[in-house]
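Contents: one structure, followed by commentary.
Each value in this text was obtained by applying a stated rule to the coordinates, not by laboratory testing. Please read all numbers here as calculations on a predicted model, not as lab measurements. For neighbour counting, all protein chains shown are included, and Cβ atoms are generated from backbone atoms with ideal geometry for every residue, glycine included.
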Amino acid sequence: MTFSFNAALSGLNANSNALSVVGNNIANANTIGFRSSTITFADVFANSYGARLNGAGLALQIGDGVQTASIQTNLSQGTLNEASSQLHAAVQGNGFFVVRNSEGALNYTRAGDFTIDNQGYLITPGGLQVQGYSAVNGVVTPGSSLTSLRIPIGQTLPPNTTTNATLRINLNSDAVTGSTFHATMEVFDSRGTSRTMDMTYTRLADGSFDMTATIDGTPAQLSANGGPAAGTPVNFVFDSLGNLTSPTSLAVVPDQTQLGGATLPNIDINLRETNPDGTPGAFNIVSYARVSNFSATTQDGFPAGELSGASIDPNGVILAIFSNGQSRPIGQYGLATFNSSEGLSRLGGNLFAETLASNQATIGAPGSGGRGLIAGGYLEQSNVNITNEFVKLIEAQRGFQANSRVINSLNETFQSLLQVI
């Protein structure tokens, strides 16, 4: 009879644990990156009914109740929702963000609701610094030493001087002799000052065009076919198909005395594209029987710019966005994987720690070694399924009630026995 009380009491304890697990899951249904838990039970057969066997030779065993076998972490992917900050991030697939606590130890999390502190370090809501690979001279080297990721608050990106330019131009082959066409583009000197480069094409009687150039209205010299700079026009000649035959190379040489102390080196004009295999591609300047126009321009200069924001690409590279439209890599998230992620220990605050059961973390770049990708500007929600949790809640509640009824029945049996005595 005592064993019956023990079995029912173990049932109460087990179902109480189940209620606690379900209650914790439901309480964290809206917790960023939360991983729900599932409880499993095992029966207990520690006792035999004496040492007797039945006629079939089987031992007569009376169960001693139930015990909690495990509380497993559900590692399924949570839903990704758009976040309010571009610095927030979510892991799509396998892996955990790596963070360092105040004691220097590494912890792990799926919650990517990161912010920056007053020194620019990327931190969790609890103040732990996010770990990854810092960029050196704009290049990230995955596999290098882990370091705390930092956003360069207030950083100014130096200007870049224009040295190359591409203009896609059509010069009307039916243009009247003596007519002109202007192609202008913005270029930048060594201090980031914007300058206007104006190239004027004049139609000649033989169907060719003479080109001259100015920088902010000041005449510039021209260097064609690798020759010396000269102030004379460069003659553009086209074949019967309208393709450029001469010059084969061209550079605009600015007047350095008119730049107010800044410098602007020779600007190479790309007259023809180069195919990926290194062979010559399409001509950028042609002469067809259409209205003269230029459809696209590119050049490699830009003014100075201040840090205005950041974004994250799918490989976890954090890009600093500057006010001049430029972007530069400043770091890359590290993701940790484990031989057994179910063996991780929960620390609270959306953090996990490695254990002997999980083995040590293997840390690398997102998208490598079976690790997931990063969704910048998104947050992974809890993977709690409310419908399933309510079903489990009913099951645990009924199990608790049933074991309570067993104890009540045993109590009535004892009362009857005492009345007999």
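As a rough footprinting exposure proxy, the listed residues ARG100, ARG195, ARG398 were ranked by other beta carbons within 10 Å of their own, and the order from fewest upward is ARG398, ARG100, ARG195. Computing semi-axes √(5λ) of the Cα gyration tensor in Å directly from the structure and comparing it against (1) 38, 29, 18; (2) 78, 22, 18; (3) 34, 26, 22 singles out (2). Multiplying the residue separation of ASP174 and THR196 by 0.36 nm and removing their Cα-Cα distance gives an extension gain of 5.1 nm.
Protection proxy ranking, highest mean first, for peptides 86-97, 290-301: 86-97, 290-301, where packing is the per-residue count of other beta-carbon atoms within 10 Å, averaged.
With unit charges on the beta carbons (Lys and Arg positive, Asp and Glu negative) and the dipole taken about the Cα centre of the chain, which residue among LEU393, ALA229, SER311 sits farthest to the positive side? Final value for the positive-end residue is LEU393.
Here is how the number arises for the chain: DSSP H runs of 4 or more residues each give -39500 (n - 2.57), the sum is divided by the residue count, and the result at 222 nm is -5000 deg cm²/dmol. Dipole magnitude for segment 133-282: about 500 debye, using +1 per Lys or Arg Cβ and -1 per Asp or Glu Cβ, origin at the Cα centre. Taking THR109, THR257, THR200 as the candidate residues, the one with maximal mean-square fluctuation in a Gaussian network model of the chain, Cα springs under 10 Å, is THR257.
As a rough guide to protection, the peptides 223-231, 276-284 ranked by mean Cβ packing within 10 Å, highest first, stand as 223-231, 276-284.
Using Cβ point charges alone (K and R +1, D and E -1), the dipole size of the chain about the Cα centre works out to roughly 1160 debye. If R0 equals 60 Å, the separation of the Cβ atoms of GLU395 and THR141 corresponds to a calculated FRET efficiency of about 0.70. Given R0 = 35 Å, the distance between the Cβ atoms of ASP210 and SER295 translates into a calculated FRET efficiency of 0.95. The C-alpha atoms of the chain define a longest principal axis, and helix 386-420 lies at about 10 degrees to it. Positive end of the dipole of the chain (Cβ unit charges, origin at the Cα centre): among VAL291, ASN408, ALA183, the Cα lying farthest that way belongs to ASN408.
Helix 2-27 axis versus longest C-alpha principal axis of the chain: approximately 20°, rounded to the nearest ten. Positive contributions from Lys and Arg (+1) and negative ones from Asp and Glu (-1), summed over other residues with Cβ under 12 Å from the Cβ of ASN160, come out at 0.
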